[in-house]
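Note sheet for the following structure.
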Amino acid sequence: MSNLDDHELVNRLQKRDPQAMVDLYDRYGKLIFSIILRAVRITPTAEDLTQETFLRVWNRIHTFSCERGNLQGWLVTVARNRAFDYLRSLQSSASLATSNLDDLERAGYFYSELDQSDRIAKQNAVTQALNLLPDDQREVIHLTHYEGMTQAEIADKLGKPLGTVKGLVRGALKKLRNAMTEETVQ
Amino acid sequence: MSCDQFTDLFELYAVGVLEKDESEALRLHLDSGCDECGKRFVQALMQANMVSETVPAAEPPAGLRGRIGASVAASPVLVMPAPRKKQRTTILPWLVAAASVAALAVGIGYEENARRADLASFSAALETSNKAEAQRTAAMLSILQAPGTKQVVFNINESNLPHGSLFIHKNLGVAMVVSHLPNAPAGWKYESWIVPKNGAPQPVESFATDNTGFAFTVVKGPVDVSQWSAVAVSMEPLDSNPVKPTKPVFAAPV
């Protein structure tokens, strides 16, 4: 799908066209549901959070740039935050030791200077880099990015020293960063 | 912390899994307007999203498409989702809440982008709200936009608690804008209160949240907040006209 399609879709959403919401779901619903289900693992909960994600975007679409906004990125961020926020609500005080998720959803962060082909190229590079990670590095990235766990929580879950986990995360993120910037993947 | 010290933190911050002290340091640095780190954060956010997009695909339930479509068809602005089975209700005694937010209230100042975004959302709501609600929204907008309005944030670093801002204008009044306020349970509503330094709390108005936990309440001016200790929120039985708070939820010190 092209950025041009998204521009038109955002334009219709900003005009409060309910059919645009259905079209938005048709375009991104499966991705959003998949991200949320991977985190919360309970289908009815994932269903509710997916609906909440789309309604949050609907209610805030006027803050979004029709011309330059990266709609998919915004939706993915909102979805991930809804899922992680839900998981934190199930936990105790440890969950409070993390950042404010709302801060990450400001529409202004999703201005894209990439055209669609560049974005696909970077997506492929990140996917490839992720697949090439050693198992232990890929596991910690899955736990942070798919399940919203802090490094301390990962250390506790895996029974590894915190320093070891931080080293794994740092190494993995460096490889992903290099892939994003089209440097040599180590 | 210098820019270099944030190098390995952007991605974890973008996913929201950075420990609180590091997260706060990075947030303050980004809010300070560092262009280079701002670009690195946006890049990290894009990278985080690309990793999230590699999750194995799952098929959504067949009814979800219709449910989402129906939820916006009836009411085009500020729609409410179906309630989840688990209500994330946070009820704290006012004194505890006031003590915790007092340390976090950082005085005047907020991000202009967030304020503009709020104004855009409020303007959209204003277009289609009913007349009374439109008047209420207009009163809130006039306070936010007026020269001389001061802003005091509360609970801004507590993502799991109601947090937001008080906008104070001595002639126009006080607008409280709050996020992460759980939907009131069935049969209950939210009520705002002025808590004077001396004397009993005075009820202001009833209000409701949208599906995102966003809400606002307006104390019409003129006001003398030097005589107040806080603006507070309680839950009250739906059909009541409360004279004293039934279930305190939080208080925002002025």
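Take the residues in region B:221-244 that are in contact (Cβ under 8 Å) with a residue 60 or more places away in the chain and farther than 14 Å from B:His169 by Cβ; name whichever of them is surrounded by the most Cβ atoms within 10 Å (Cβ to Cβ).
Among residues in region B:221-244 that are in contact (Cβ under 8 Å) with a residue 60 or more places away in the chain and farther than 14 Å from B:His169 by Cβ, the one surrounded by the most Cβ atoms within 10 Å (Cβ to Cβ) is B:Val233.
List every residue pair whose Cβ atoms sit under 7 Å apart, with the two residues 6 or more apart in sequence or on different chains, where the first one lies in region B:198-220 and is within 14 Å of chain A (Cβ to nearest Cβ) and farther than 20 Å from B:Val254 by Cα and the second, anywhere, is among the charged types (D, E, K, R) and buried (at least 19 other Cβ atoms within 10 Å of the Cβ).
These pairs meet every condition: B:Asn211/A:Glu52; B:Thr212/A:Arg56.
Quick one: in region A:12-30, which of the residues that are buried (at least 20 other Cβ atoms within 10 Å of the Cβ) and of a type in the set (A, V, I, L, M) is nearest to the other protein chains (Cβ to nearest Cβ)?
A:Met21
For A:Ala46, indicate whether it is facing chain B (nearest Cβ under 10 Å), aliphatic (A, V, I, L, M) and over 24 Å from B:Leu18 (Cβ atoms).
yes
At pLDDT 90 or above and surrounded by fewer than 14 Cβ atoms within 10 Å (Cβ to Cβ), is that true of B:Pro56?
yes
Check A:Asp48 against each of (1) without any contact (Cβ under 8 Å) to a residue 24 or more places away in the chain; (2) surrounded by 22 or more Cβ atoms within 10 Å (Cβ to Cβ); (3) under 17 Å from the mean Cα position of the chain (by Cα) and name the one condition it does not meet.
Among (1) without any contact (Cβ under 8 Å) to a residue 24 or more places away in the chain; (2) surrounded by 22 or more Cβ atoms within 10 Å (Cβ to Cβ); (3) under 17 Å from the mean Cα position of the chain (by Cα), the lone unmet condition for A:Asp48 is (3).
Look at B:Gly16 and say whether it is within 28 Å of A:Ile120 (Cα to Cα), more than 7 Å from chain A (Cβ to nearest Cβ) and either within 23 Å of the chain's Cα centre (by Cα) or at pLDDT 85 or above (or both).
no
Among A:Ala125, A:Ala152, A:Ala121, which is the only one that is more than 25 Å from A:Ile32 (Cβ to Cβ), out of contact with any Gly (no Cβ under 9 Å at 6 or more places or on another chain), modelled with pLDDT under 95 and in a helix (DSSP H, G or I)?
Answer to the selection: A:Ala152.
The values are calculated or read from the model by the stated rules, or taken from the named source; none is laboratory data. Note that the structure is predicted; figures quoted are calculated from it, not measured. Here Cβ is always computed from backbone atoms with ideal geometry, including for glycine, and neighbour counts include all displayed protein chains.
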